[in-house]
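Encoded as structure tokens, the structure appears first; notes follow it.
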Amino acid sequence: MIEALRKKAEELLKNKTVSVVFGYGEGSTPERTRPVFITKPEEVNKLTWNKYCVYNLTTYLKRQETRKLGKPAIVVKGCDARTLIVLMKESQIKREDVYILGVSCDGVGDPLAEKCKACDVHTPRIYDDLIGEKGENKELPFDERYAELDEYENLSEKEKWEFWQKQFEKCIKCYACSNICPLCFCDRCIVEKNQPQWIDPSAHARGNLSWNVTRAYHLAGRCINCEECQRVCPVDIPLNLLNKKLAKEAEKNFNYRPGYNIDDELAMSTYNEKDNQDFVR
Amino acid sequence: MSNETTFEPRIVAFLCNWCTYAGADLAGTGRKQYQANVRIIKLPCTGGIDPLFLIKAFERGADGILVSGCHPGDCHYNSGNYHARRRWNVFKPLLEFCGINPDRIQFSWISAAEGGKWVETINSVIDAVRVLGPFEGYQKINAIGPEGPGEGFAPSSDTTGCECK
Amino acid sequence: MGKKVGVFVCHCGTNISATVDVEKVAEEAKKKYPGVSYATTYKYMCSDPGQKLLRDKIKEEGLTGVVVAACSPKMHERTFRNAAVKTGLNPYQVEVSNIREQCSWVHQDKAVGTEKSIDLVRMMTEKTRKDTSLDAIKVPVTKRALVIGGGIAGIQAALDIADGGNEVILVEKDASIGGHMAQLSETFPTLDCSQCILTPRMVEVAQHENIKLYTWSQVESVGGYIGNFDVKIRKKARAVDLDLCTGCSSCWQVCPSKKIKSEFDTELGNRTAIYIPFPQAIPSKPVIDKEHCLLYRDARKKNIPPEDSKVCRKCYDVCPIAPVKAIDYAQEDEIVEVKVGAIVVATGYKELPNNVYGEYGKGKYQDVITGLQFERLASASGPTEGEIRRPSDGKEPEIIVFIQCVGSRDPAKGCSYCSKTCCMYTAKHAMLYKHKVHHGHAFVFYIDIRCAGKNYEEFSLRAIEEEGATYLRGRVSRIYKKGEKLIVLGADTLTGSQVEIEADMVVLASAMKAQDDAEVVARTLSIQYDKDRFFSELHPKLRPVESSNAGIFLAGACQGPKDIPETVAQASGAAAKVMALLSSDELEREPVVAKVDRLPPPVFSTCIGCFYCQRVCPYGAIEQEDIKARDGSVIKTVARVNEGLCQGCGLCAATCRSKSVELAGFSDEQVYAEINSVEFN
């Protein structure tokens, strides 16, 4: 698979289909990988593929530094490819401006990442080239995909509050979560808006609650649960639980999975006259 | 300020100008009495209400929030309330997931003709929050903020800050 | 420099000051709120001296912002803003704090009301401190009006507007204009013939050079806004070419389907499948009832185009028009798009059907009829040519019982209101009956007799005193059939006795209800309606013909039950409003519109171009703008608001995650200030 990947990358760079390949390279230890940006055909041997390729490389599509490198080919797993669909729907990239090197994936991380436990996109649902075997993506049942939440949803109101307060208290407002997130692409994050300052930027409980709730809400109907926010959080806040909860509500109420079907309308930009309103008086 | 014995809930209501705000006016014209624990903020449409507004109201010490707009199909702007309902459908569960009691954040459809429904609704929101008691959780985190308690009136500054990044 | 805000607290006579300590509200404002440099109270802020006080203090104190604590902004926001303009202050620096509807009228406890008022004034003061000056947006006015509904209200409004020199488009859902008034026999209190006074007006409509009439048509959609509405009208396929047809009547004479219940005759008479609703119809050209026409039925059954059916083509064959016949079975619905500056809604009412009350036979007894049915019986053009004959056997009824308030004032039947016209028309019915059946006897069951109107009281007394109708105060509890008679059981509450009358016929003075599709119409037009689904006027006293949507006016019974003179007066009122609107070339619109921020390079705008705003905008008011470098290359594509289309709902602003879009008048700063100043005492 690695050979096929390198060969394809070399070909794309040689024939100038792309000017850069975003991929995974070997890290400082065997259990690590790091992102690599290959611009020369002779450097394709830096590319690798293994179960440690956890990251979602699509985040580099929003960065000025990597954007400057020209049209990219990007190595994506099935989950990462969903980000691309969202980015296209949200006018952040054009389909023709990115070459998608899909890799089929049996799960990453050691131990297996949470996101892989109920994965039903082993083969990317969008790609220009598929590296590896094309598997059958059988959609997993709703409950199975959101099983991780059960434990937290079943807490009492008080327990929930205390759990999350304990988590949010830790937040140091380093914004690693939003920096890594491929879908947090605003030029100016709402927390940076100081006229007025809706969210207190200093790291204390009040602003932390507002920040974390708002960050999650801004990903409602968008987040594809790559778990990158949670992975990079230096104080280990289980941020993806919030994202996943929103994904669950969006799917339950709007029958929508972000980045799953490219023809679906973005959930938070549309409506259905029959949307749930059981909670409205 | 509230204390255990004489707790009076503090409710902020975000109302659509075309329906519920007018419905509350109608209740007034009809001299229909209701509890005084609510402060109304008028906006053109529920579709224009950013969930940030609701978070801010909690930060400011609200014990409960009501958001109310036009019945489905009756939006002055055709679809504002439908979009609003979408947001509520994800935002309310998110707050509940974080441990905020669902009665503290309520939603209703009240038309300009429904002065009676306004009175019933706001009274029942106030009563529900009275049962829950003060939103101590939020007040506690407010209290440890760097600027001291989030409650109490903090006037906005007159100066124009810079917009640079 | 900070803003200098003046706070003016209105007593509203004692409407506010009785339950709110207005002096304390003003004092607190001056003492405690930053930015408030002046605060006072006044008996009536909306009065001339009140407005003068406002103007004087703006000048004397150099105020740059104003909060008037008074009634709802829906009442006088405009008044105070206009007053401020005269001093040179931008009107959008003036805000109203609603301490009457939200405090003094709903909280009896003065301490509570005062505390809350203090809060509300502070919130509005904080908002005002963030107010920015806004300039009204000028838009051109399309000098054409749309009138929806061709009853007397629509006819009157259309003629008035057209006489004023403006183009009018009149849309009627039925085959002819005329509405309910065309169905009536004589009209109270003068007893002049309804059709005789209506049909000349109908003819005027048809012949008026400024009126374009669309019958058998419905308004499909309305977009745009005051001065510039975009309207789509569906011309339903009539199967008759109106341009070719001369209304010669050959077709409906040969039509073999002759036993179709006539809607115009309230199902007491029959009509053909190709028909005109009544002889004086405008246009006097037929329509094919596809439900009943043999040809269309056959085509539906065989699932073939109607023009291919051979079952019956008598109307086509007999049509004398050549070379192309006026009958066109293949005709399809047509959508007409028009631009208008103003709209009059005159969609009328619906009579409560007679099958609602189980105790009155639930519609089973043929001789229990509604008021409108009696009109047809009494009408010279009706199914009995004006003779009063009961529907079951055509016999002349010797005793008729009239029952008032059927449905009206009965919340159980969904009409808690008084239908206003029934007392009068029942008196008229009793009178007409006595004129036609001299030996007959009319009993009238009533709850109250409400005859407020010029010559109305006299009219109803005449029914009792001169025409000998027997009025019984009480309700009818039951009607049942015994042989050919209807036994009417009721109470006479004045004598305290039970009454049993063997009647030949019973006439129910049925309630006037909103049209079945009132909600659909309201939604199409974005106007409000009340709990009974009648369209809401903007103010119950002072703006009785305006709807909640600017540029859309109300006329007639669609706004609430009313009789002909009232309807006509309201229609003329609506027409006057339309003409005032259409008399100017330009219109000033509230500048409450959204704006996407623009910043100096290299940022240009904080908008990142995800275009959620564009997707949610109900008006297509968001455009994509390419920000280009000098060499023409696109640096960034961002959102831009087309102010002409924006209606100011704020959907875009609330959808924008980076808050790069703001709504003028409800900017982030303003809303933030309002929420941030919430403090409960």
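The values are calculated or read from the model by the stated rules, or taken from the named source; none is laboratory data. All values derive from a computational prediction rather than experimental measurement. For neighbour counting, all protein chains shown are included, and Cβ atoms are generated from backbone atoms with ideal geometry for every residue, glycine included. Side chains are part of the model used for accessible areas, which takes the heavy atoms of the whole protein and leaves out ligands, DNA and RNA. Shrake-Rupley method; radii C 1.70, N 1.55, O 1.52, S 1.80 Å.
Annotations for the structure displayed:
- Screening segment C:229-257 for residues that are assigned to a strand (DSSP E or B) and open to solvent by less than 20 Å² (accessible area, probe 1.4 Å) and picking the one that is nearest to C:A322 (Cα to Cα) gives C:V240.
- Residue check for A:I199: within 11 Å of chain B (Cβ to nearest Cβ), among the β-branched types (V, I, T) and crowded, with 20+ Cβ neighbours inside 10 Å: yes
- 2 or more residues within 22 Å of C:E375 (Cα to Cα): qualifying strands (runs of 3 or more DSSP E) within segment C:478-517: C:485-492, C:505-510, C:512-514
- Complete set of residues in segment C:14-45 that are open to solvent by less than 50 Å² (accessible area, probe 1.4 Å) and away from every other protein chain (no Cβ under 14 Å): C:S17, C:V22, C:V25, C:A26, C:Y38, C:A39, C:T40, C:T41, C:M45
- Positions within segment C:149-170 being open to solvent by less than 20 Å² (accessible area, probe 1.4 Å) and within 15 Å of the chain's Cα centre (by Cα), in sequence order: C:G149, C:G150, C:G151, C:A153, C:G154, C:A157
- Sub-6 Å Cβ pairs linking a first residue in segment C:282-301 that is on the phi < 0 side of the Ramachandran plot to a second residue that is basic (K, R) and assigned to a loop (DSSP other than H, G, I, E, B), at least 6 apart or interchain, are C:V287/C:R238; C:Y296/C:K290, ordered by first then second residue.
- Unmet criterion (only one of (1) open to solvent by 30 Å² or more (accessible area, probe 1.4 Å); (2) within 14 Å of chain B (Cβ to nearest Cβ); (3) hydrophobic (A, V, I, L, M, F, W, C)) for C:V85: (2)
- Scanning segment B:32-50 for residues that are at the interface with another protein chain (Cβ under 7 Å from one of its Cβ atoms) and assigned to a helix (DSSP H, G or I) yields a count of 2.
- Reported count of residues in segment B:112-132, each being facing another protein chain (nearest Cβ under 7 Å) and either part of a helix (DSSP H, G or I) or among the hydroxyl-bearing types (S, T, Y) (or both), is 1.
- The one condition in (1) open to solvent by less than 10 Å² (accessible area, probe 1.4 Å); (2) touching a Leu at 6+ places or on another chain (Cβ under 7 Å); (3) of a type outside the set (A, V, I, L, M); (4) under 18 Å from C:V106 (Cβ atoms) that B:G28 fails to fulfil: (2)
- Looking only at segment B:3-19, and only at residues there that are open to solvent by 30 Å² or more (accessible area, probe 1.4 Å) and more than 14 Å from B:W109 (Cβ to Cβ), the one that is modelled with the highest pLDDT: B:E8
- Residue count, segment B:51-104 (criterion: open to solvent by 10 Å² or more (accessible area, probe 1.4 Å), among the charged types (D, E, K, R) and in a loop (DSSP other than H, G, I, E, B)): 2
- Strands (runs of 3 or more DSSP E) contained in segment C:543-657 and holding at least 1 residues among the β-branched types (V, I, T) and away from chain B (no Cβ under 11 Å): C:552-554, C:594-596, C:622-628, C:634-641
- Of residues in segment C:665-678 being more than 10 Å from chain A (Cβ to nearest Cβ) and either open to solvent by 20 Å² or more (accessible area, probe 1.4 Å) or not in a loop (DSSP other than H, G, I, E, B) (or both), the one farthest from A:G221 (Cα to Cα): C:E674
- 1 or more residues surrounded by fewer than 16 Cβ atoms within 10 Å (Cβ to Cβ): qualifying strands (runs of 3 or more DSSP E) within segment C:319-419: C:334-340
- Leading residue by the ranking (farthest from A:I85 (Cα to Cα)) among those in segment A:33-70 that are open to solvent by 70 Å² or more (accessible area, probe 1.4 Å) and of a type in the set (D, E): A:E42
- Residues that are among the aromatic types (F, W, Y), within 14 Å of chain B (Cβ to nearest Cβ) and in contact (Cβ under 8 Å) with a residue 40 or more places away in the chain do not occur anywhere in segment C:478-494.
- A:A205 hydrophobic (A, V, I, L, M, F, W, C) and at pLDDT 95 or above: no
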